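Participant: I'd like to ask some things about the structure below.
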């Protein structure tokens with residue numbers, strides 16, 4: 001009985017790993033898209049639950065770090081190229097016998113969105129000069145680092161802030177990031193958004209099977225792999241001294257400090273690690289959907305992540321990830337509108353009302369979420385009642 | 001007037017100078033106070049202000065007079081810093097509307113004041129909730145939204161032709177009941193100590209309410225914007241008749257002072273009503289038993305309970321009153337702006353900024369903070385040379401104020417020294 005959660009977890013993982021190879025439905029691409037988005041939210045929800053549930057730092061700016069990751073790789077892939085010849089139009093530097101080109105856009109208006117100095121030069125060259133875009137993987141790594149660095153800075157700034165003040169500060173940070181991205185149209189193109197190369201621009205070939213750039217299978221495994229990596233990292237961290245100290249931080253910061261935990265250092269660590277995860281998820285998702293806009297930083301997105309983590313179980317990041325996956329699938333299946341007695345019920349909106357109600361009910365009556373208690377129940381199933389009671393008493 | 005500052009070097013140079021000395025001052029003074037084992041809670045704020053205002057002179061002055069940080073320093077340095085920024089801006093861009101055009105400045109100031117009064121009023125509800133429950137209500141913007149929506153539905157859909165006063169009262173009543181019911185259903189577990197972290201629970205619960213309300217209204221109403229018609233028309237006034245320019249001139253939808261400052265009717269009515277309701281609220285809080293009980297609970301829950309006040313009742317009353325105030329602000333502004341289910345987000349953010357600036361839990365602070373934020377926004381939208389960029393940055397001005405306040409002086413301008421936001425459990 002005790003191992004049921006572990007077995008179930010392995011089975012679920014095997015299921016998700018085998019799913020794209022087995023599933024044959026007509027809506028294949030759609031189902032895969034829903035799952036990729038679900039994994040994306042799962043990474044965000046689990047890293048947020050590490051930050052909020054484990055460390056007790058209720059940050060409402062998690063999506064801002066996701067956006068920093070996404071925009072980091074987007075700007076990197078959009079503005080930097082390597083060419084064999086100097087363009088003569090752009091800002092450029094010699095770079096190991098080639099030229100490192102910084103693309104500057106010319107007069108960004110809606111009609112000239114694809115006019116820039118590199119395109120002009122390429123029109124003159126007419127394909128005679130090799131132009132190499134930056135590698136997508138490097139962009140993702142840089143985006144992740146940017147997110148982690150931003151998390152480090154915010155972590156340093158919020159050291160003295162607790163509870164409501166922390167929530168307001170991170171919300172403010174998130175709004176500032178969004179405003180800057182929307183306003184600096186010269187660089188980010190504002191609401192028009194930046195286009196990105198696909199995750200695997202030239203397709204991939206694995207075991208003799210080649211995939212096109214629009215195929216859903218490579219991004220599916222990329223996102224699933226990132227999710228598993230994040231969960232593994234979080235599990236390892238939670239079981240190490242780091243996890244112990246971070247939980248001490250949540251329970252009583254002053255007591256932890258008095259017992260010799262360097263609270264400053266661990267607070268900053270937990271901020272930078274979880275925000276780097278959010279940024280990595282954002283960067284991969286950005287290359288998957290191939291466009292980034294400031295709209296992905298809306299408070300609604302943050303509310304979705306928070307609600308998913310809470311419904312799954314905010315103090316257990318595996319439960320939070322599972323909650324995110326299930327809720328994302330549920331939200332997608334509830335999309336179909338129907339008609340009762342001549343009144344058409346627009347489920348695209350009503351499903352979110354139910355989602356909000358579910359969030360409130362979970363908060364009120366199932367404080368540890370809906371999935372986390374299930375895991376705990378199985379874990380405790382082999383243990384005698386009295387031991388459980390005794391452990392509970394000792395814990396409280 | 002161009003699209004850019006004429007001589008950006010002057011402006012940004014001054015700003016850079018102020019920021020550099022501000023950072024240096026805040027760090028240096030905090031260190032010094034820390035080393036001397038003095039109270040550091042104020043040192044970084046005053047240090048930053050002194051550095052920004054007078055550069056090395058200010059920091060040196062405070063360094064020399066170490067234990068004597070008083071409110072006077074804060075006020076004087078604050079004024080100098082603001083004047084300095086304004087002067088730098090004026091020198092950098094002498095043709096700007098904000099510098100060259102006196103009547104434009106006057107109308108910006110008036111409009112900033114009027115919108116600031118409404119902001120301050122709305123933030124008052126949020127700070128009332130915080131001072132009693134210790135919770136920042138994330139559903140404040142949604143109360144604002146349903147206030148406006150209800151007025152529209154009552155006066156234009158359900159009972160066409162009814163007096164707008166009935167619409168406003170109805171909206172207030174519904175919001176009050178909604179707040180009370182929500183508090184009873186969702187927030188009661190916070191008080192018994194059963195929940196590990198009540199503040200976070202409160203934030204999440206109100207967050208859930210916000211989410212549900214917003215999508216409920218969107219599901220019922222749809223996404224089309226609505227607008228209520230003007231509540232009252234101004235009478236036609238020309239006064240005094242023989243003056244030139246006329247001191248006061250009104251048309252049905254507009255009020256003009258000295259023929260330069262123009263105030264639109266809905267905003268004027270909203271601001272006047274806000275002031276009246278604020279006076280009523282002050283009367284309630286200071287002259288009635290219920291109000292005194294509310295203030296007592298906000299000061300010390302246990303002592304209030306010993307004195308025979310039921311703190312839980314006061315929790316309900318505070319949440320309902322706070323929600324009602326937000327709804328009233330929305331009900332008054334639905335005649336000025338077009339209304340959507342998402343309309344609450346921006347005023348909610350503004351209220352957060354204002355309550356933090358004024359000090360979480362401080363009622364006068366909320367009102368003054370509202371007026372300050374109104375001015376900052378008026379200056380930000382009116383003076384920044386690139387209009388499109390200015391519009392995009394509007395949400396950020398307040399947030400910059402908020403983050404700076406939290407970093408330098410988390411208790412805000414008027415906050416109680418140890419306002420911790422920990423639901424009466426101490427910092």
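None of the figures in this text is laboratory data; all of them are computed from the coordinates on show. No experiment lies behind these values; they were computed from the predicted model shown. Cβ coordinates were reconstructed from backbone atoms using ideal geometry, including for glycine residues, and neighbour counts include every protein chain displayed.
Participant: Quick one: if the Förster radius is 22 Å, what FRET efficiency do residue B:162 and residue B:264 give, using the C-beta to C-beta distance and rounding to 0.05?
Facilitator: 0.40
Participant: Please give the Cα centre distance for region B:225-297 versus region A:197-248, rounded to the nearest Å.
Facilitator: 59 Å
Participant: Ranking request for peptides A:218-227, B:29-38, B:196-205: highest mean number of other beta-carbon atoms within 10 Å first, then the rest in descending order.
Facilitator: Peptide ranking by packing, descending: B:196-205, A:218-227, B:29-38.
Participant: Rank these for me by crowding, A:210, B:107, going from fewest to most other beta carbons within 10 Å.
Facilitator: Ranking A:210, B:107 by Cβ neighbours within 10 Å, fewest first, gives A:210, B:107.
Participant: OK, next. Averaged across the residues of B:198-206, what count of C-beta atoms belonging to other chains lies within 10 Å of each residue's C-beta?
Facilitator: Per residue, the average neighbour count from other chains is 5.
Participant: So what's the back-of-envelope 222 nm ellipticity for chain A, counting only DSSP H runs of four-plus at -39500 (n - 2.57) apiece and dividing by all residues, rounded to 500?
Facilitator: -21000 deg cm²/dmol
Participant: Which three semi-axes in whole Å describe the equivalent ellipsoid of region A:234-374, each the square root of 5 times a Cα gyration tensor eigenvalue, listed largest first?
Facilitator: Sorted largest first and rounded, they come to 35, 20, 12 Å.
Participant: Divide, for region B:272-427, the radius of gyration over alpha carbons by 2.2 N^0.38 Å, where N is the residue count.
Facilitator: Its radius of gyration relative to the 2.2 N^0.38 Å reference: 1.18.
Participant: Follow-up. If you average the sequence gap of Cα pairs under 8 Å that are 6 or more apart and divide by the length of region B:8-95, what percent do you get for the contact order?
Facilitator: Rounded, it is 35 percent for region B:8-95.
Participant: Let's test the formula: R0 of 35 Å, r as the Cβ-Cβ distance of residue B:287 and residue B:239. What FRET efficiency results, to the nearest 0.05?
Facilitator: 0.45
Participant: Debye sum, Cα scatterers, chain A, no solvent: what log₁₀ I/I(0) at q = 0.13 1/Å?
Facilitator: So the normalised log intensities are -1.17.
Participant: Please give the Cα centre distance for region A:325-346 versus region B:342-419, rounded to the nearest Å.
Facilitator: Value for the Cα centre distance between the two parts: 39 Å.
Participant: How much length, in nm to one decimal, is gained on full extension between residue B:76 and residue B:64, taken as 0.36 nm per residue of separation minus their Cα-Cα distance?
Facilitator: 2.6 nm
Participant: Sticking with this one: If one computes the Cα centroid of region A:1-36 and of region A:282-307, what distance in Å separates the two points?
Facilitator: So the separation of the two Cα centres works out to 23 Å.
Participant: Still on this structure, please answer the following. Among B:176-184, A:14-22, B:323-331, B:307-315, what's the highest-first ranking by average C-beta atoms within 10 angstrom per residue?
Facilitator: Taking the mean over residues of other Cβ atoms within 10 Å, the ranking is B:323-331, B:176-184, B:307-315, A:14-22.
Participant: Identify which of A:178, A:130, A:267 has the largest mean-square fluctuation in a Gaussian network model of chain A, with springs joining Cα atoms closer than 10 Å.
Facilitator: Residue with maximal mean-square fluctuation among A:178, A:130, A:267: A:130.
Participant: Alpha carbons only, please: Rg and Dmax for the protein assembly as shown, in angstrom.
Facilitator: In order Rg, Dmax, the Cα atoms of the protein assembly as shown give 28.5, 95 Å.
Participant: So, one more: Okay, helix-only estimate at 222 nm for chain B: each DSSP H run of n ≥ 4 adds -39500 (n - 2.57), divide by all residues, round to 500 deg cm²/dmol; what do you get?
Facilitator: Calculated from helices alone, the mean residue ellipticity at 222 nm is -22500 deg cm²/dmol.
Participant: With springs connecting C-alpha atoms under 10 Å apart, model chain A as a Gaussian network and identify which of A:174, A:128, A:46 has the largest mean-square fluctuation.
Facilitator: With Cα springs under 10 Å in chain A, the top fluctuation among A:174, A:128, A:46 is at A:128.
Participant: I've got another one for you. Need one value for B:390-402: mean number of C-beta atoms belonging to other chains within 10 Å of its residues' C-beta atoms.
Facilitator: Going residue by residue through B:390-402 and averaging, the value is 5.
Participant: Okay, moving on. Shielding by partners for A:182-191, please: the mean number of other protein chain Cβ atoms within 10 Å of each residue's Cβ.
Facilitator: 3
Participant: Among A:310-321, B:153-164, B:48-59, A:369-380, how do they line up by average Cβ neighbours within 10 Å per residue, starting with the highest?
Facilitator: A:310-321, B:48-59, A:369-380, B:153-164
Participant: Another question, then. I need B:409, A:250 ordered by Cβ neighbour count within 10 Å, fewest first.
Facilitator: Sorted ascending by nearby Cβ count, the order is A:250, B:409.
Participant: Then there's this: Relative contact order for chain A using alpha-carbon pairs under 8 Å, separation at least 6, rounded to a whole percent?
Facilitator: It comes to 30 percent, rounded to a whole number.
Participant: Another one. Cα-based Rg of chain B per 2.2 N^0.38 Å, rounded to two decimals?
Facilitator: 1.06
Participant: For residue B:394 paired with residue A:217, estimate the spin-label separation in nm (one decimal), with each label point 7 Å from Cα along the Cα-to-Cβ line.
Facilitator: 5.1 nm
Participant: Using alpha carbons only, how many degrees (0 to 90, rounded to 10) separate the axis of helix A:385-395 from the longest principal axis of chain A?
Facilitator: 60 degrees
Participant: Distances longer than 22 Å among the Cα atoms of region B:8-95: what percent of all pairs is that?
Facilitator: Roughly 26 percent, rounded to a whole number.
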